[in-house]
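Undergrad: Take this structure first; my questions come after.
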Amino acid sequence: MKKATKKEIQEIHKRFIEKYSDAVTELTYANAYELVIAVVLSAQCTDKRVNLITPALFKEYPSVYELAEANIADIKKLINSCSFFNNKAKNIIEMAKRVVEVYNGAIPLNEKDLVTLAGVGQKTAHVVLIEHTGANLMAVDTHVFRVSHRLGLSDDKTAIKTEATLVKKFKNDLHALHQGMVLFGRYTCKALNPKCDECFVAEFCKTKETFKV
């Protein structure tokens with residue numbers, strides 16, 4: 001597949017920043033605790049579905065202290081419409097316990113500590129830091145992976161390698177680029193039936209092939 005030229009990369013960067021400079025996550029949250037939970041639940045699950053689940057969860061468990069003491073069966077009942085809810089229920093309880101025991105109840109806002117929490121890998125940590133602190137980081141979900149491949153920005157086979165390539169090519173404003181590519185992939189450059197007539201970077205598209213990670 002043809003790769004984007006340096007000039008094309010600069011123009012793609014410029015257009016995404018102009019269009020999505022104020023973009024934020026579509027997950028609903030009130031603080032770092034709620035954000036981490038929402039991002040963990042959103043893995044292989046839609047933000048829309050997560051936003052339907054979390055109000056009852058946060059009402060019942062308003063902080064890590066309540067969640068750390070939770071009965072796993074009760075958590076499963078609250079999140080059972082979410083994909084992989086058994087694993088996620090276990091992880092968010094373990095995460096809460098560690099935050100209470102190691103971080104005095106405060107969600108750590110650096111990657112090194114975030115990834116020590118159950119259910120939090122590099123991508124989740126980056127999403128949290130991008131959203132909560134505006135960190136100059138990139139995170140690659142299925143939408144970012146698809147968009148970056150269709151635009152010839154990456155031909156990497158994994159999300160982690162794609163992330164490294166995007167960081168190297170874009171360097172700056174990564175938080176806005178991440179948010180923008182997620183929204184663009186979700187609503188315009190969709191996996192099936194992409195809305196090419198509404199695309200603001202159509203001339204840079206290399207293929208309509210559906211890429212999955």
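The values are calculated or read from the model by the stated rules, or taken from the named source; none is laboratory data. All figures in this text were calculated on a predicted structure; none of them were measured in a lab. Reconstructed Cβ throughout: ideal geometry from the backbone, glycine too, with neighbour counts over all protein chains shown. To get the accessible areas, we keep the full protein, side chains included, count just its heavy atoms, and leave off ligands, DNA and RNA. Shrake-Rupley method; radii C 1.70, N 1.55, O 1.52, S 1.80 Å.
Undergrad: Given charges of +1 on the Cβ of Lys and Arg and -1 on the Cβ of Asp and Glu, with all other atoms neutral, how large is the dipole of the range 124-213 about its Cα centre, in debye to the nearest 20? Mind showing how you got there, number by number?
TA: Working: 13 positive and 10 negative charges, 49 e Å.
With only Lys, Arg, Asp and Glu charged at Cβ, the dipole is about 240 debye.
Undergrad: Tell me the GluC sites (Glu not before Pro) within the range 48-84 that lie in a loop according to DSSP and have at most 13 other beta-carbon atoms within 10 Å. Don't jump to the answer; show the numbers that get you there.
TA: Working: sites: E60, E66, E69; in loops: E69.
Those satisfying the criteria are E69.
Undergrad: At R0 = 45 Å, how high is the FRET efficiency between Y65 and T210 if r is their beta carbon distance? Nearest 0.05 is fine.
TA: Working: r = 44 Å, r/R0 = 0.97.
Once the sixth-power term is evaluated, E becomes 0.55.
Undergrad: Would you mind working out the accessible area per residue for the range 103-149, using a 1.4 Å probe, and quoting it in Å²? Before the final figure, lay out each step's value.
TA: Values: 1670 Å² over 47 residues.
With the other protein chains kept in place, the range 103-149 gives 35 Å² per residue.
Undergrad: Of L114, A191, T165, which is farthest on the positive side of the dipole of the range 57-213, counting Cα position, with +1 on Lys and Arg Cβ, -1 on Asp and Glu Cβ, and the Cα centre as origin?
TA: In the range 57-213, that residue is A191.
Undergrad: What nm distance separates the two modelled labels at N110 and D173, each placed 7 Å from Cα along Cα→Cβ?
TA: So the label points at N110 and D173 sit 2.9 nm apart.
Undergrad: To continue, here is another question. Obtain the nm distance between the two label points defined at K90 and I17 by a simple spin-label model: each point lies 7 Å from its Cα along the Cα-to-C-beta direction.
TA: With each label placed 7 Å out from Cα toward Cβ, I get 4.4 nm.
Undergrad: Going by a ≥ b ≥ c, the root eigenvalues of the Cα gyration tensor, does the range 77-164 fall in the rounded group (a/c under 1.5), the prolate group (a/b larger than b/c) or the oblate group?
TA: On the way: a/c = 2.77, a/b = 1.56, b/c = 1.78.
Oblate shape, in that a/c is at least 1.5 and b/c is the bigger or equal ratio.
Undergrad: Quick one: pull the percent of accessible area on the chain belonging to carbon and sulfur, 1.4 Å probe, ligands and nucleic acids left out. Please list the in-between numbers first.
TA: On the way: 5560 of 10880 Å².
Accessible surface attributable to carbon and sulfur in the chain totals 51 percent.
Undergrad: Mind checking the range 23-125 for chymotrypsin sites (Phe, Trp or Tyr not before Pro) that DSSP puts in a loop (not H, G, I, E or B) and that have at most 15 other Cβ atoms within 10 Å?
TA: Here the chymotrypsin sites (Phe, Trp or Tyr not before Pro) that fit, given the DSSP loop and packing criteria, are F84.
Undergrad: Turning to a different aspect of this structure: Tell me, what are the semi-axes, in whole angstrom and largest first, of the equivalent ellipsoid of the chain as set by the roots of 5 times the Cα gyration tensor eigenvalues?
TA: Values: eigenvalues 223, 61, 39 Å².
Value: 33, 17, 14 Å, ordered largest first.
Undergrad: Calculate the dipole size of the chain relative to its Cα centre from +1 charges on Lys and Arg beta carbons and -1 charges on Asp and Glu beta carbons; express the result in debye to the nearest 20. Spell out each step's value before the answer.
TA: Numbers: 31 positive and 25 negative charges, 192 e Å.
Using only the charged Cβ atoms, the result is roughly 920 debye.
Undergrad: Something else: Hey, can you grab everything whose amide H is under 5 Å from the amide H of K190? Only 5+ residues off in sequence or another chain; H modelled, so Pro and N-termini drop out.
TA: Residues meeting the criterion, in which the H sits 1.01 Å from N, are K195.
Undergrad: Give, rounded to the nearest 20 debye, the magnitude of the charge dipole that the range 21-86 has about its Cα centre when Lys and Arg contribute +1 at Cβ and Asp and Glu contribute -1 at Cβ. The partial results should precede the final answer.
TA: Details: 5 positive and 8 negative charges, 54 e Å.
My answer is approximately 260 debye.
Undergrad: Further question on the same structure: Pop a pseudo-label 7 angstrom from the Cα along the beta-carbon direction at both K77 and Q44 and give the gap in nm to one decimal.
TA: Those two pseudo-labels are separated by 2.6 nm.
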